[in-house]
Amino acid sequence: MTEVKVAIVTGGTRGIGAAIARHLLTNGYTVVICGRTPPAAAIAIDGKEAEFDACDIREPAAVTAWVDAVVARHGRLDLVVNNAGGSPQADAATASPRFSERILQLNLLAPLHVSQAAYPHLRAVHGSIVNVASVSAVRPSPDTAIYGAAKAGLVSLTTSLAQEWGPQVRVNAIIVGLIETEQSEFTYGSYDAQQRISASLPLGRMGRGQDIAEAVLFLASPGAAYISGARLEVHGGGERPLFLEIVKQEAQGQ
C-alpha cells in the first residue's frame, strides 16, 4: 500500500497558499497549513480538507515545535512549501528598522527556519522544498525595497540549500509574477487598471493561484527529479519595459 505524502504550506489560509493547498489535496497529499489565525473558511476541495495549525513562523522555536508535531501526527514529511510572505508599501528613506526587520523575518528568515526544522524529516524520504519567491527578487522593487531584497535572498538561499542538501533533498524556487488574489484592488487598483495591466503582459492576463499551484506540484513530482537549485519563472512572459511604452507614445505623437 502506497503511503500518503504529507505537505506543509506556510501562509496557506488564503490567496496563493490556499490555492496550493487545495491543489495538493486534489493530488493525494495530506496538507497541513499554518498561519497566525485560522482561515475564514476551511481550505477544502472534493471532500478533503487541509489541517490548520496556528504558528508564527517568525519564531524559530514555534516553527520547530510545529514541524515536529506534524511529523508526529502523520509519520512523515515529503514537501515543504514556503509560501508565507509579503509586505506593505514603505518609503525606503523612512522605513523604520523594526519594519525592515519584520519583513526580513517573514520573507527570508522564516523560510530558512522552516526548512531547517523540516530537513531531517525530508531527508528521510528524499523530499523537497519549494520556496515561493517573486519578480521583486529579480528586478527593482521600489516602495517595497526590503521585500525585494528579502526575496532575492530567498532565491540565493534556494541555490545554496540545494547544493548543501542534495541528493537527499531537492530545493527549488518559483519566481511569481503579477497574480490576481482576493484583494487585487489593493495591489493593482481599479478593475480598469487591472485590465490594462493584464493586457500589457505577453499572455494577456495576470496569473492565478492555480498557476503557482501547478508549478509547485510539478517541482515536487518525480518529473522534476533532476531539478534542484532552479528558479522557475511563472510570470506570463514578464512585465513590458516602461521605455517601450514611452517610445510608442512618442511615435504616435501622444
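The values are calculated or read from the model by the stated rules, or taken from the named source; none is laboratory data. Only a predicted model underlies this, so the values are computations on that prediction, with no experimental measurement involved. Methodologically, a virtual Cβ is constructed for each residue, glycine included, from the backbone with ideal geometry; neighbour enumeration extends over all protein chains shown. The protein model used for the area step is the full one, side chains on, heavy atoms only, and it has no ligands, DNA or RNA in it. Shrake-Rupley method; radii C 1.70, N 1.55, O 1.52, S 1.80 Å.
Descriptive notes on the structure:
- Beyond 26 Å, the tail of the calculated P(r) for segment 130-254 holds 31 percent of the Cα pairs.
- Computing FRET efficiency as 1/(1 + (r/R0)^6) for ARG196 and ARG36, where r is the C-beta to C-beta distance and R0 is 51 Å, gives about 0.90.
- Highest-MSF residue in the chain out of GLY17, GLY35, GLY127 [GNM, Cα springs under 10 Å]: GLY35
- Here each label is just a point 7 Å from Cα along the line to Cβ, and for ALA92 and ARG123 those points are 3.8 nm apart.
- Quarter of Cα convex hull surface for segment 30-111, i.e. mean projection, nm²: 6.7 nm²
- At R0 = 45 Å, FRET efficiency that the Cβ-Cβ distance of ALA69 and GLU214 yields, to 0.05: 0.95
- A simple packing score, the average count of other Cβ atoms within 10 Å per residue, orders the peptides 221-228, 38-45 as 38-45, 221-228, with the highest score first.
- The amide H of LEU232, built 1.01 Å from its N in the peptide plane, has ALA173, ILE174, ILE175 as neighbours under 5 Å, considering only residues 5 or more places off or on other chains.
- Cα shape, segment 158-223, gyration tensor, a/c 1.5 rule: prolate
- The chain, helix-only ellipticity at 222 nm - DSSP H runs n ≥ 4, -39,500 (n - 2.57), divided by all residues, nearest 500: -13500 deg cm²/dmol
- ALA44 versus THR159: modelled label distance in nm, points set 7 Å from Cα along the beta carbon direction: 4.4 nm
- Heavy-atom accessible area, probed at 1.4 angstrom with all protein chains present, ranks GLU3, GLU51 as GLU3, GLU51, highest first.
- Estimated vicinal HN-Hα couplings, Hz - segment 88-97 in sequence order (Karplus 6.51, -1.76, 1.60; Gly, Pro = x): x, 5, 7, 5, 4, 6, 10, 4, 6, x
- Over the C-alpha atoms of segment 68-156, the Rg to Rh ratio, Rh being the Kirkwood estimate, stands at 1.08.
- Note on THR26 and ASP56: the extension gain reaches 8.1 nm, defined as 0.36 nm multiplied by sequence separation minus the Cα-Cα distance.
- Computed with a 1.4 Å probe over protein heavy atoms only, the accessible area of VAL125 comes to about 50 Å².
- Accessible area (Å², 1.4 Å probe, nearest 10) - PHE52: 60 Å²
- Kirkwood Rh in Å, taken over segment 58-212 so that all alpha-carbon pairs contribute: 17.0 Å
- Prolate is the label for segment 1-146. Its Cα gyration tensor axes, ordered a ≥ b ≥ c, give a/c of at least 1.5 and a/b above b/c.
- TYR119 accessible area, 1.4 Å probe, all protein chains in place, Å² to nearest 10: 50 Å²
- Cα gyration tensor category, rounded, prolate or oblate, for segment 1-74 with a/c compared to 1.5: oblate
- Alpha-carbon Rg with Dmax, taken over segment 55-98, Å: 15.8, 48
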